[in-house]
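Q: Have a look at this one.
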Amino acid sequence: MQSSLLQTLFSSQGKVFLAKGRRSHAPIAALGSVSTSQALKNQIRKQQLAKLSKSLQQPLANQDLLFPDEGDNYLAQWAEDSYSKPLGYDSSASFPIPSTGADVAAVSVGGRNNGQWKLANQDAFLLHPFSNKHHTETATTSHHHAASSFLVGVFDGHGKLGHEVADRARSSFARRASSTPPPLAHADINEQEQWLAQCFAEAADNIDHADANYSRSGAAAVVCSVQPGRVTAAWAGDSRAVLGLHGGFTATEDSSSEQENIDAIDSISKEHYYSTLRPIRAVIPLTKDHKPDPFSCPKEAQRILASGGRVDRLATDGAGNPVGPFRVFLPDAWTPGLALSRAFGDHIARDIGIVPTPDINTLSIPTMSNLATPVCLETAGAGGDVSRNIDSSSAPGSDKIRHHNHVMSQVMSQHHRHVLIVASDGLWEWISSEEAVAFAWQFTSARKAAEALTERAQRLWAVKYKGTTCDDITVAVAFLPAA
């Protein structure tokens with residue numbers, strides 16, 4: 001039945017559309033009571049119901065905000081149990097690239113099963129800066145001042161030995177990055193993409209010839225080569241990379257006038273100026289999950305079927321209808337049941353389409369001049385006369401004007417930046433690309449952003465599964481200069 005359904009879908013070129021259902025709720029009893037007229041009582045109750053109903057319709061990723069104590073309690077319990085974590089369970093790394101103004105960090109935390117820490121964190125990450133001249137620096141090198149580009153990768157293992165597969169893939173990429181660095185930034189895009197494809201092929205070969213049985217263990221991978229002016233992403237599986245582009249600022253409706261800003265400069269912090277500006281931003285997915293889902297990934301599902309694999313779902317609802325993620329199975333057995341369609345390892349499913357061949361995507365990183373017109377002092381509330389008066393030491397308020405420009409310069413420097421987020425599906429399970437980018441932009445450093453996103457995802461897992469279950473979560477964040 002399921003197979004015929006899939007064939008029907010593909011006979012229509014995969015053009016399948018699903019309507020998203022609206023969440024419904026049972027009637028909510030009015031809260032509290034007041035000693036006043038019945039009309040006022042009804043009005044207050046109506047307001048209370050409207051407020052509560054609105055909160056209940058928030059996206060799932062924000063539901064933990066309704067129960068902050070619950071999330072805090074679970075995380076506190078996990079912290080108390082941290083002594084039982086395996087050695088090296090959690091890890092992090094970071095480095096700045098002063099030559100370009102970039103800031104890079106990664107955080108990886110292991111998950112929980114049945115209320116206990118898992119035996120191993122099956123995620124791994126790679127941060128590898130390259131020098132301008134020789135491309136020979138490694139993530140452990142302390143001299144990052146010469147770096148202008150870097151490699152960032154996340155590897156998400158699955159199966160009994162998934163952590164080994166993830167680690168072997170990471171090590172292979174690190175070796176190649178050290179021995180044969182990627183082409184320089186001015187090289188042709190095809191050269192950069194070919195280099196990443198070769199990295200994947202070499203890692204796959206190392207894993208395939210390892211002295212271990214990885215027939216039922218594997219790893220998804222996403223690796224980004226970041227160079228001045230562009231990002232090239234290569235991936236196999238459901239780990240994801242997303243780029244948040246910053247295109248400058250435009251004034252909001254409540255922006256203060258030039259004179260008001262200058263008069264208030266001594267008493268209002270620089271955050272005031274940023275609060276009066278509206279950033280121009282765009283969120284661009286660099287990757288698309290490789291799933292055997294005929295609705296969201298029809299080409300991947302069709303490729304699995306064409307290779308002789310079977311795509312089906314395991315669970316059913318009360319009416320007997322299949323539910324849950326689509327999975328890949330052998331044609332005559334309910335194994336291996338993978339919910340992704342590309343990966344390293346998983347040799348039992350290699351012949352039915354589970355391959356480590358990556359898709360590769362390159363995006364030019366726009367500068368302020370070609371993405372959008374950056375905010376000038378006039379749109380920010382300081383008129384064109386400021387630049388003409390700036391050199392006039394005798395002009396009234398010239399000191400404040402100079403300070404005003406200095407403050408605005410600090411604000412632009414802090415907030416004119418793109419953000420790259422590379423993460424395992426432990427983050428993306430509950431947090432959308434748009435939410436992740438907006439959340440990361442709040443922080444002053446890549447490390448703080450990565451730590452906060454990781455904790456945010458942990459909290460959502462904890463609330464969803466009452467503290468019993470949490471996937472491994474790995475988040476890499478890179479702030480890239482937009483100017």
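Q: Condition first: acidic (Asp, Glu), out of contact with any His (no Cβ under 7 Å at 6 or more places or on another chain) and either at pLDDT below 90 or exposed (fewer than 13 other Cβ atoms within 10 Å of the Cβ) (or both). Can you find one or more residues in segment 46-67 that meet it?
A: So far as segment 46-67 goes, yes, one or more of its residues are acidic (Asp, Glu), out of contact with any His (no Cβ under 7 Å at 6 or more places or on another chain) and either at pLDDT below 90 or exposed (fewer than 13 other Cβ atoms within 10 Å of the Cβ) (or both).
Q: Which count do you get for residues in segment 202-229 that are at pLDDT 95 or above and in a loop (DSSP other than H, G, I, E, B)?
A: 9
Q: Sticking with this structure for a sec: When the residues of segment 80-99 are narrowed to those that are among the aliphatic types (A, V, I, L, M) and surrounded by 10 or more Cβ atoms within 10 Å (Cβ to Cβ), which ends up nearest to the chain's Cα centre (by Cα)?
A: If we take residues in segment 80-99 being among the aliphatic types (A, V, I, L, M) and surrounded by 10 or more Cβ atoms within 10 Å (Cβ to Cβ), then Ala93 is nearest to the chain's Cα centre (by Cα).
Q: Restricting to segment 144-174, name every residue that is assigned to a helix (DSSP H, G or I) and farther than 25 Å from Ser99 by Cβ.
A: Gly162, His163, Glu164, Val165, Ala166, Asp167, Arg168, Ala169, Arg170, Ser171, Ser172
Q: A further question on this structure: Can you tell me which of Arg417, Arg456, Arg447 is on the phi < 0 side of the Ramachandran plot and modelled with pLDDT under 95?
A: One residue alone meets the criteria, Arg417.
The values are calculated or read from the model by the stated rules, or taken from the named source; none is laboratory data. Quick caveat: nothing in here was measured; it's all calculated off a predicted structure. Virtual Cβ from ideal backbone geometry, glycine too; neighbours counted across all protein chains shown.
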